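*Asks:* Quick one: structure below, then a few questions.
Here, each number is a calculation from the coordinates, and none is a lab measurement. No experiment lies behind these values; they were computed from the predicted model shown. We place every Cβ from the backbone using ideal geometry, glycine too, and count neighbours over all the protein chains shown.
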């Protein structure tokens, strides 16, 4: 618990240092995200001939949580580079820096909650009090991303080209995941989306905020994926941990 508090404080300090002479700080990211949602919302609403009241909240929430997933995975490749001096000079567990990384990305997500609130009030979306379910979903997703980041950190430190491969795979996954398009567009092939792990992470939040069905199914799948990632991360750690300091 003490290490978690330290990771929490360092993550907050990282964000403050990044925007040390900025007036609105990390809210620049939120403004950028809002403009992206508005532009894509208008364009794809026109292309898909969807109701703006229906499509805009769907797109907005999807993009916000995709950004959280994408940045957490991609920037996990840089943990070794960013903390090279600390790894070589101090005997600190690698998990500490991975936790700090995930917490920092979660802070950025919390800034985007302003956009979600704007969407809810602007489109008059009626949501029931689901604080407990949303908290469970956020914790489940964060734990999943922690162990996925751990795997990415170890492998990208060992193999320098992995960052570019992950970047390409995430770009590819963005278009394969129902973010800018809807699952129903696939008609009889909708079942294929269920094999996309990113869909379930995003869907547990969409279902709670937009009153969509299948929340529990996606949550169970996210928890199952987390258990698999825990096992895989332990195997990767056992294989690479002792030699990792020589590759940083």
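*Asks:* Under the 0.36 nm per residue contour assumption, what length would be gained going from the current alpha-carbon distance of residue 124 and residue 47 to full extension?
*Replies:* So the chain would gain 25.3 nm between residue 124 and residue 47.
*Asks:* Additional query: Top mean-square fluctuation among 147, 175, 58, Gaussian network model of the chain, C-alpha springs under 10 Å?
*Replies:* Among 147, 175, 58, the largest GNM mean-square fluctuation belongs to 175.
*Asks:* Starting from the eigenvalues of the Cα gyration tensor, five times each then square-rooted, give me the equivalent ellipsoid semi-axes of the range 190-248, largest first, whole Å.
*Replies:* So the three semi-axes of the range 190-248 are 33, 11, 10 Å.
*Asks:* Restricting to Cα pairs below 8 Å that are 6+ residues apart, what does the relative contact order work out to for the chain? Please round to a whole percent.
*Replies:* Computed value for the chain: 26 percent relative contact order.
*Asks:* Compare 230, 180, 132 in a GNM of the chain, Cα atoms joined below 10 Å, and give the one with the largest fluctuation.
*Replies:* Of 230, 180, 132, the Gaussian network model singles out 132 as fluctuating most.
*Asks:* Also, quick follow-up: Taking every pair of distinct Cα atoms and averaging 1/r, then inverting, what Kirkwood hydrodynamic radius in Å comes out for the range 105-248?
*Replies:* 17.3 Å
*Asks:* Express in nm, to one decimal, how much length is gained between residue 238 and residue 117 on full extension, taking 0.36 nm for each residue of separation and deducting their alpha carbon distance.
*Replies:* 39.2 nm
*Asks:* Consider the candidate values (1) 1.17; (2) 1.06; (3) 1.11; state which one is Cα Rg over 2.2 N^0.38 Å computed from the structure displayed.
*Replies:* (2)
*Asks:* Most exposed first by the Cβ proxy, i.e. fewest other Cβ within 10 Å, how do 12, 49, 150 rank? Spell out each step's value before the answer.
*Replies:* Working: 12 14, 49 7, 150 25.
Ranking 12, 49, 150 by Cβ neighbours within 10 Å, fewest first, gives 49, 12, 150.
*Asks:* Hey, what angle do you get for helix 131-158 against the long axis of the chain, alpha-carbon based, 0 to 90 degrees rounded to 10?
*Replies:* 50 degrees
*Asks:* How large is the helix-only mean residue ellipticity at 222 nm for the chain, computed as the sum of -39500 (n - 2.57) over DSSP H runs with n ≥ 4, divided by its residue count, in deg cm²/dmol to the nearest 500?
*Replies:* One gets -26500 deg cm²/dmol as the mean residue ellipticity at 222 nm.
*Asks:* Continuing with this model, one more query. Say we join alpha carbon atoms closer than 10 Å with springs in a Gaussian network model of the chain; which of 91, 70, 211 then has the biggest fluctuation?
*Replies:* The residue that fluctuates most here is 91.
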